[in-house]
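K.L.:
There's a structure below that I have some questions on.
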Amino acid sequence: MILNISGRTDIVQYFSDWMFNRFRKGEVYVRNPMFQNKITHYELNPQKVDCIVFCSKNYAPSLGRLNEITDRFPSYFHYTITAYGKDIEPGVPSIDESIDTLLRLERLVGAKRIAWRYDPVILTKKYTVQQHLITFEHMAARLSGHIDRCIFSFVELYKKLEYNMPELILFTEEDMDALAEGFGRIAAKYRIRIQTCACQADYARYGIHSSGCVTLPILAQATGLSFKDLKHSGMRNSCRCMAYNDIGRYDTCINGCRYCYANQNAELARQNYALYDADAPMLIDSMQEGDIVSHSKQVSFLKDGSSQLTLPF
């Protein structure tokens, strides 16, 4: 199975002690976000987990101990660094601070295991098409040679964005085409492989690939693992990713990103974060009367005989 840490919250930044404790204990419990009385138990050992995909906007709090996990599990790292400042992402370090941390991460795990996520792309009077291209080139110049690929997507218009970001400007086809052309041109200049995420439009004419961001070929190339030939059914609309299991919990990330889909609102996230217990078996939660616990089968995607040891970078 593929383990995701995490698309629901920034575990690496805010819950790293809990994460390392869970791996030390060798197990974790996760409440189902759709059916609240259902809890899944996962074993955290290399015989049950094929690969771990980390997702974060700030790896700095975890770098000192990351080898506790990466020495045992094949791993891939998504690092989200966008064009926005504290007005949009109040809890996220600055662009150059984030790039500095990514370069430190690269020294630990190697460039082939890091994907730079420049998403979501949003438009406002401040963050225009031209400003995106200026910022994207600044970042691409610094990241060239230090990452496996760049992944970008245009913001999905969730209902709550009408309230959280009233200044949002809707994309036109011309806006998206201009950004795709610019991103493709800049990525080619700095020899960065670039792809979209959950995007219906085809920008192959600009050198932009259409692919899932968590696919078995990507993970195989990065880790040296050999996976079965399995279809990627996708995790959501227009998604081409392999199915994975997430150990995070919604409404717990205190980055405060105003476009965030994973929080109902920033205040609820802060209230939940106040309940954080690094020694708990579940993130921001405890077993309740009536809970139903099931043990995940954790089916492997590896070909028989494939090594589960990461290769040196």
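The values are calculated or read from the model by the stated rules, or taken from the named source; none is laboratory data. Keep in mind it's a predicted model, so treat the numbers as computed, not measured. We place every Cβ from the backbone using ideal geometry, glycine too, and count neighbours over all the protein chains shown. All accessible areas refer to the heavy atoms of the entire protein, side chains included, with ligands and DNA or RNA removed. Shrake-Rupley method; radii C 1.70, N 1.55, O 1.52, S 1.80 Å.
K.L.:
Per 5 Å bin from zero, what fraction in whole % of the C-alpha pairs of the range 148-269 is there, up to the bin with the longest pair?
P.N.:
2, 9, 15, 16, 19, 17, 14, 6, 2, 0
K.L.:
Explain nothing, just compute: Karplus ³J(HN,Hα) = 6.51 cos²θ - 1.76 cosθ + 1.60, θ = phi - 60°, for every residue of the range 2-11 in order, whole Hz, x for Gly and Pro.
P.N.:
Listing the rounded values in order: 9, 9, 10, 9, 7, x, 9, 6, 8, 4 Hz.
K.L.:
If you wrap a convex hull around the Cα atoms of the range 1-65, how much volume per residue is inside, in Å³?
P.N.:
Enclosed volume per residue, from the Cα hull, is 95 Å³.
K.L.:
Only sites in a loop by DSSP and with at most 14 other Cβ atoms within 10 Å count here; which chymotrypsin sites (Phe, Trp or Tyr not before Pro) in the range 139-192 make the cut? Display every interim value, and only then the final one.
P.N.:
Details: sites: Phe152, Phe154, Tyr158, Tyr163, Phe171, Phe183, Tyr190; in loops: Tyr158, Phe171, Tyr190.
Here the sparse-neighbourhood loop sites are Tyr158.
K.L.:
Within 10 Å, at most 14 other Cβ atoms, and a DSSP state outside H, G, I, E, B define an exposed site. Report the longest part of the chain free of exposed GluC sites (Glu not before Pro).
P.N.:
That gives 1-155 as the longest site-free run.
K.L.:
Then there's this: Counting pairs of alpha carbon atoms under 8 Å apart in space and at least six apart in sequence, what relative contact order in percent does the range 148-294 give? Walk me through the numbers before you get to the answer.
P.N.:
Numbers: 158 pairs, mean separation 25.2, N = 147.
Dividing the mean separation by the residue count of the range 148-294 yields 17 percent.
K.L.:
Next question, about the same structure. Going by average Cβ neighbours within 10 Å, how do the peptides 199-209, 216-226 rank, with the highest at the top?
P.N.:
Those peptides, ordered most packed to least, come out 216-226, 199-209.
K.L.:
Cut-off under 18 Å on the C-alpha distance; same-chain residues fewer than 8 positions from Lys297 excluded. Which lysines are left, in chain and number order?
P.N.:
Once the sequence-local lysines are set aside, what remains near Lys297 is Lys38, Lys48, Lys228.
K.L.:
Tell me, what % of the accessible area of the chain is carbon and sulfur with a 1.4 angstrom probe?
P.N.:
So the carbon and sulfur contribution to the accessible surface is 51 percent.
K.L.:
Between Gln288 and Leu108, what is 0.36 nm times their sequence separation minus the Cα-Cα distance? Round to one decimal in nm.
P.N.:
The Gln288-Leu108 span can extend by a further 60.8 nm.
K.L.:
Okay, moving on. Please give the length that would be gained between Arg270 and Phe35 if that part of the chain were fully extended, namely 0.36 nm times their separation in residues minus their C-alpha to C-alpha distance (nm, one decimal).
P.N.:
Full extension from Arg270 to Phe35 adds 82.3 nm.
K.L.:
Follow-up. What accessible area per residue, rounded to a whole number of Å², is obtained for the range 151-213 using a probe radius of 1.4 Å?
P.N.:
54
K.L.:
Tell me which residues come under 5 Å, amide H to amide H, from Cys51 once H is placed; ignore anything under 5 positions away on its chain.
P.N.:
HN-HN under 5 Å from Cys51: Leu3.
K.L.:
Long-range amide H contacts for Ile194: which residues qualify at under 5 Å (H placed 1.01 Å from N, peptide plane, sequence gap of 5 or more or a different chain)?
P.N.:
Cys150, His209
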